[in-house]
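Participant: The structure's right below; bear with me while I get my questions together.
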Amino acid sequence: MARIEQVAGAVANGLAVLGLTLLLILATFTMLDGLLRAFANTPLDFVRELGDMVAAIAGAACLPIALLRESNIVLRALGRVLPRLALRVVDGVAALVVEVVMIGMAWQFWLHADKAMRAGEVTWMLEVPKAPFWFAVDGILWVGVLVQLVVLVGRARGTRDTVETETPA
């Protein structure tokens, strides 16, 4: 299990680096677009055309690492009243719910990408096909499903630590 978690971590880290790199590239081109609009009246059309889809890929690429590190919002009020075993059960159920939600999201993005492909959807000005971008997002979401499965199995086996209750400031 440790080897699988190590591979999941490497994949999740790689995707996060890819996502952040895409965001930096998008930010650079967005600034360049603004400067060219202001000073040369020549916008970069591809920034508006592709920016949303590139941002979707970048955002999705950061999701697997967040899932693996379980950096989602956690309410620890129960930690003060429930025994440790009960907290493990609650964390396991929460991991299962996250897995179900991830499967639902990945499935819906698959349907959306497939619909975009079948309809031949393209961007407005440059006529770039939209489906490959949505399939990329979907593929990353399915990686997130696998990463969350690693978390879920770790919770079920008791090999992942329960997040401790935060002490009041």
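Participant: Identify, from the list 39, 46, the residue that is of a type in the set (Phe, Trp, Tyr), surrounded by 13 or more Cβ atoms within 10 Å (Cβ to Cβ) and outside any loop (DSSP other than H, G, I, E, B).
Facilitator: None of the others qualify; the one that does is 46.
Participant: Here's a follow-up. Name every residue in the stretch 9-26 that is under 21 Å from residue 126 (Cα atoms) and exposed (fewer than 13 other Cβ atoms within 10 Å of the Cβ), in order of residue number.
Facilitator: Matches in the stretch 9-26: 25 only.
Participant: Still on this structure: Limited to the stretch 101-146, what total is found for residues that are buried (at least 17 other Cβ atoms within 10 Å of the Cβ), more than 26 Å from residue 6 (Cα to Cα) and among the β-branched types (Val, Ile, Thr)?
Facilitator: Selection size over the stretch 101-146: 1.
Participant: Moving on. Within the stretch 17-28, is even one residue under 28 Å from residue 92 (Cα atoms) and out of contact with any helix residue (DSSP H, G or I) (no Cβ under 8 Å at 6 or more places or on another chain)?
Facilitator: Among the residues of the stretch 17-28, not one is under 28 Å from residue 92 (Cα atoms) and out of contact with any helix residue (DSSP H, G or I) (no Cβ under 8 Å at 6 or more places or on another chain), which makes the answer no.
Participant: Something else about it: Quick check on the stretch 109-120. Is at least one of its residues part of a helix (DSSP H, G or I), out of contact with any helix residue (DSSP H, G or I) (no Cβ under 9 Å at 6 or more places or on another chain) and charged (D, E, K, R)?
Facilitator: No, that holds for no residue.
Participant: What pairs come up if the first residue lies in the stretch 15-41 and is without any contact (Cβ under 8 Å) to a residue 24 or more places away in the chain, the second is surrounded by 11 or more Cβ atoms within 10 Å (Cβ to Cβ), and their beta carbons are under 6 Å apart, counting only those six or more places apart or on different chains?
Facilitator: Hits for this filter: 29/47; 30/47; 33/43; 33/44; 33/47; 37/43.
Participant: State the number of residues belonging to the stretch 128-152 that are more than 19 Å from residue 46 (Cβ to Cβ), without any contact (Cβ under 8 Å) to a residue 40 or more places away in the chain and small (Gly, Ala, Ser).
Facilitator: Qualifying residue count for the region: 1.
Participant: Hey, another quick one. For the stretch 54-72, what are the residues that are farther than 15 Å from residue 148 by Cα and β-branched (Val, Ile, Thr)?
Facilitator: Within the stretch 54-72, 54, 57 meet the criteria.
Participant: Output yes when any residue across the stretch 73-89 is under 25 Å from residue 140 (Cβ atoms), part of a helix (DSSP H, G or I) and not aromatic (Phe, Trp, Tyr), and no when none is.
Facilitator: no
Participant: May I pose another question? Keeping to the stretch 62-95, report how many residues are of a type outside the set (A, V, I, L, M, F, W, C) and farther than 28 Å from residue 7 by Cβ.
Facilitator: Of the residues in that region, 5 qualify.
Participant: Looking at (1) in a helix (DSSP H, G or I); (2) buried (at least 17 other Cβ atoms within 10 Å of the Cβ); (3) in contact with a helix residue (DSSP H, G or I) (Cβ under 6 Å, 6 or more places away or on another chain), which is the only condition residue 149 fails?
Facilitator: Evaluating residue 149 over (1) in a helix (DSSP H, G or I); (2) buried (at least 17 other Cβ atoms within 10 Å of the Cβ); (3) in contact with a helix residue (DSSP H, G or I) (Cβ under 6 Å, 6 or more places away or on another chain) leaves (3) as the failure.
Participant: Taking the stretch 58-70 as the region of interest, how many residues are in a loop (DSSP other than H, G, I, E, B) and within 20 Å of residue 21 (Cβ to Cβ)?
Facilitator: Residues flagged as in a loop (DSSP other than H, G, I, E, B) and within 20 Å of residue 21 (Cβ to Cβ) within the stretch 58-70 amount to 2.
Participant: Give the residue, chosen from 73, 57, that is modelled with pLDDT under 85 and either closer than 30 Å to residue 133 by Cβ or buried (at least 17 other Cβ atoms within 10 Å of the Cβ) (or both).
Facilitator: When all the criteria are applied, what remains is 73.
The values are calculated or read from the model by the stated rules, or taken from the named source; none is laboratory data. The structure presented is a predicted model; accordingly, all values stated were derived computationally and were not measured. No Cβ is skipped: glycine too gets one built from the backbone with ideal geometry, and neighbour counts run over all protein chains shown.
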